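Trainee: Supplied in structure tokens, the structure appears directly below.
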Amino acid sequence: MLRREGRTLFKPVELEIELFCRGLRVDPSCDVDTDGRRIARTRAGLGSGLELVLPSPRKKIWVNVPVLEAFAAKSPFLLMKTARGYVLCDSRQGDHYPVEIPEEPVWYSWKTSSGVEMSRVGILQGTYLGIYVSNACLYWNLPASPACAFCTTGRNVGTAEESKKKVEDVIEVAKAAREESGSIFTHLNTGYHFEDRDDLELVHGLRQCEPFVKRLRAEVGGFIGVQAVPVPRRKFNEYDDLIAAGVDHLSFCYEFEDPAYFAKLCPGKEMTLGQNAFFEAMEYTSKKLGQGKVSGEIIAGLEPLEATKRGIDRIVDAGAFPTVCIFRPTIGSALESTPPPKPDEMREVFAYLWNAVLRASLPVGILPGIQVSLVVQPEEAADLVPPTFSSRLYETKLTALRALAKPYVAWKLRPKGGRVAAV
Ligand code: SF4
């Protein structure tokens, strides 16, 4: 907390956590429909809020704030438009925080050559382009529908977004996102599509991403991430193929450390994969890609905090970095009526996360211009913990790595086939 005029204000990262947990009400003075980005229910649904940018001395913080979920109607935060711009009013103490409302990218309403509105192919979540490339996750269609309880992919894909993305459309959207919005990271994800038969290997999620990665590398450049359910060990050569195709980052959503929560809330993953499959894949790919290029994703706010902390340590021990999502009871999910977590508990989780990445000296927040609005990024959590000699040393190292990365970033932005480099 910060002291100002005798009152206690939230630090930017604390405000970010408050907003994820409490949501936001929108005052009639606001024109967010015209001033801001549309509320998009795509992918698993985590980004189904209003995109805001919080000023911060370190770097601007992007946050996708719940506004439509039932709990947001009781939020102490009210977004207002004043003569000096947008402000957040915290009705508990009357504190005001200036915020920015990022404009909707002009290309959202453009059409691809095949006639598809670009926002139905991919959207920005912060400053990166997120695209769910395949048809709806099989867990939504299997008997007993063992979809993950927090997810809404089965409701979004085919309605709010195209049911199956064409490679050509994705390339056109990625080029528009680069040229018009300066996006340098394209993140592809899929759900569960695996058929454990060699003659069907081309249909599952990881293989589905490969043609997209190849064309993005050749024609758009930048950084490319893939998130897909793990494949069995005997098919780990598929990770090698994806790396050869040009992927830079892989992420694995293992969601919960506590086995009972994993089994109950991710019944499909429990039935078809099991928790260990995620760690085997994380360990294999982090050795192949290197430190900072593989992440393990978990959800905080449903299982006991101690389990989430153990999960963070386990991900770090597997050579990956932890991406922690604050649970959001998204409209249309099985957990729609479950309350969101308490902000003070989430502050505790993210302080723990910062200490974990510090202990392992992980290179977090190195690439400039990649801001994620769906989660508290590890480097943002630094302000939750009093600085120490070792944390100052670590932050100095991160600053140096950021400077050293600049020529590498410039090189990565160039597609193999030429063109599309400027940001
Ligand atoms: S694997 Fe789970 S979270 Fe991912 S799309 Fe399928 S149901 Fe949703």
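Trainee: Tell me which residues, restricted to the stretch 221-254, are in contact with a Cys (Cβ under 9 Å, 6 or more places away or on another chain) and of a type in the set (Ser, Thr, Tyr).
Mentor: Listed by number, the list holds a single entry, 254.
Trainee: Scan the stretch 86-124 residue by residue and report those that are touching a residue at least 24 places away in the same chain (Cβ under 8 Å) and of a type in the set (Gly, Ala, Ser).
Mentor: Of everything in the stretch 86-124, those that are touching a residue at least 24 places away in the same chain (Cβ under 8 Å) and of a type in the set (Gly, Ala, Ser) turn out to be 113, 114, 119, 122.
Trainee: Separate question: Looking only at the stretch 153-171, filter to residues that are at pLDDT 85 or above and assigned to a loop (DSSP other than H, G, I, E, B); which one of those is farthest from the ligand (Cβ to nearest atom)? Spell out the reasoning first.
Mentor: The first filter runs over the stretch 153-171 and keeps only residues at pLDDT 85 or above, leaving 165-171.
With assigned to a loop (DSSP other than H, G, I, E, B) added as a condition, the list becomes 165-166.
Details: 165: 15, 166: 20 Å.
Filtering the stretch 153-171 for residues that are at pLDDT 85 or above and assigned to a loop (DSSP other than H, G, I, E, B), the one farthest from the ligand (Cβ to nearest atom) comes out as 166.
Trainee: Would the stretch 187-208 turn up any residue that is more than 16 Å from the ligand (Cβ to nearest atom), modelled with pLDDT of 95 or more, more than 24 Å from residue 275 (Cα to Cα) and not in a loop (DSSP other than H, G, I, E, B)?
Mentor: No, the conditions are met nowhere in the stretch 187-208.
Trainee: Does the stretch 109-133 hold any residues that are in a loop (DSSP other than H, G, I, E, B) and either within 15 Å of the ligand (Cβ to nearest atom) or outside the structural domain of residue 177 (by TED's automatic domain parsing) (or both), and which are they? Lay out the reasoning, then the answer.
Mentor: To start, the set of residues in the stretch 109-133 that are in a loop (DSSP other than H, G, I, E, B) comprises 110, 112-116, 121-122, 127, 133.
Listed by number, the list holds a single entry, 133.
Trainee: Hey, does the stretch 6-21 have a residue that's surrounded by 20 or more Cβ atoms within 10 Å (Cβ to Cβ), in contact with a strand residue (DSSP E or B) (Cβ under 8 Å, 6 or more places away or on another chain), of a type in the set (Val, Ile, Thr) and not in a loop (DSSP other than H, G, I, E, B)?
Mentor: yes
Trainee: Considering only residues that are in a loop (DSSP other than H, G, I, E, B) and open to solvent by 60 Å² or more (accessible area, probe 1.4 Å), which ones fall in the stretch 336-360?
Mentor: 336, 337, 339, 342
Trainee: Within the stretch 266-284, which residues are hydrophobic (A, V, I, L, M, F, W, C) and out of contact with any Asp or Glu (no Cβ under 7 Å at 6 or more places or on another chain)?
Mentor: 271, 273, 277, 278, 279, 281, 282
Trainee: While we're on this one: Could you tell me which of the residues 110, 62 is open to solvent by 10 Å² or more (accessible area, probe 1.4 Å), in contact with a helix residue (DSSP H, G or I) (Cβ under 8 Å, 6 or more places away or on another chain) and modelled with pLDDT of 95 or more?
Mentor: 110
Trainee: Modelled with pLDDT under 90, part of a helix (DSSP H, G or I) and open to solvent by 30 Å² or more (accessible area, probe 1.4 Å), is that true of residue 234?
Mentor: Yes; evaluated as a whole, the condition is true for this residue.
Trainee: OK, next. From the residues in the stretch 139-149 that are on the phi < 0 side of the Ramachandran plot and open to solvent by 30 Å² or more (accessible area, probe 1.4 Å), which one is farthest from the ligand (Cβ to nearest atom)?
Mentor: Ranking the candidates gives 143 first.
Trainee: Here is a further query. Residue check: is residue 136 open to solvent by 20 Å² or more (accessible area, probe 1.4 Å), of a type outside the set (Asp, Glu) and within 13 Å of the ligand (Cβ to nearest atom)? Lay out the reasoning, then the answer.
Mentor: Values: open to solvent by 20 Å² or more (accessible area, probe 1.4 Å): yes; of a type outside the set (Asp, Glu): yes; within 13 Å of the ligand (Cβ to nearest atom): yes.
It is true that residue 136 is open to solvent by 20 Å² or more (accessible area, probe 1.4 Å), of a type outside the set (Asp, Glu) and within 13 Å of the ligand (Cβ to nearest atom).
Matching residues to (1) under 18 Å from the mean Cα position of the chain (by Cα); (2) open to solvent by 60 Å² or more (accessible area, probe 1.4 Å):
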{"position": "322", "(1), (2)": "yes, no"}
{"position": "334", "(1), (2)": "no, yes"}
{"position": "367", "(1), (2)": "yes, no"}
{"position": "371", "(1), (2)": "yes, no"}
{"position": "392", "(1), (2)": "no, yes"}
{"position": "395", "(1), (2)": "no, no"}
{"position": "401", "(1), (2)": "no, no"}
{"position": "404", "(1), (2)": "no, yes"}
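Trainee: Is it the case that residue 263 is in a helix (DSSP H, G or I), within 16 Å of the ligand (Cβ to nearest atom), of a type outside the set (Lys, Arg) and buried (at least 23 other Cβ atoms within 10 Å of the Cβ)?
Mentor: no
Trainee: Taking residue 337, is it assigned by TED's automatic domain parsing to the domain that holds residue 152 and on the phi > 0 side of the Ramachandran plot?
Mentor: Considered against the rule, which asks whether it is assigned by TED's automatic domain parsing to the domain that holds residue 152 and on the phi > 0 side of the Ramachandran plot, residue 337 comes out as no.
Trainee: May I pose another question? Count, please, the residues in the stretch 241-264 that happen to be out of contact with any strand residue (DSSP E or B) (no Cβ under 7 Å at 6 or more places or on another chain) and farther than 21 Å from residue 284 by Cβ. Steps first, please.
Mentor: Our first condition is that a residue be out of contact with any strand residue (DSSP E or B) (no Cβ under 7 Å at 6 or more places or on another chain); within the stretch 241-264, this holds for 241, 243-245, 258-261, 263-264.
From what is left, the residues that are farther than 21 Å from residue 284 by Cβ are 258-261, 263-264.
The number of residues fulfilling the criteria is 6.
Trainee: Given the conditions (1) modelled with pLDDT under 95; (2) within 13 Å of the ligand (Cβ to nearest atom); (3) over 16 Å from residue 286 (Cα atoms), report the number of the one that residue 229 does not fulfil.
Mentor: In the conditions (1) modelled with pLDDT under 95; (2) within 13 Å of the ligand (Cβ to nearest atom); (3) over 16 Å from residue 286 (Cα atoms), residue 229 misses (3) alone.
The values are calculated or read from the model by the stated rules, or taken from the named source; none is laboratory data. Not measured: the values here are computed from a predicted model. Cβ: placed from backbone, ideal geometry, glycine included. Neighbour counts: every protein chain shown. Accessible surface is based on the protein model in full, side chains and every heavy atom, while ligands, DNA and RNA are left aside. Shrake-Rupley method; radii C 1.70, N 1.55, O 1.52, S 1.80 Å.
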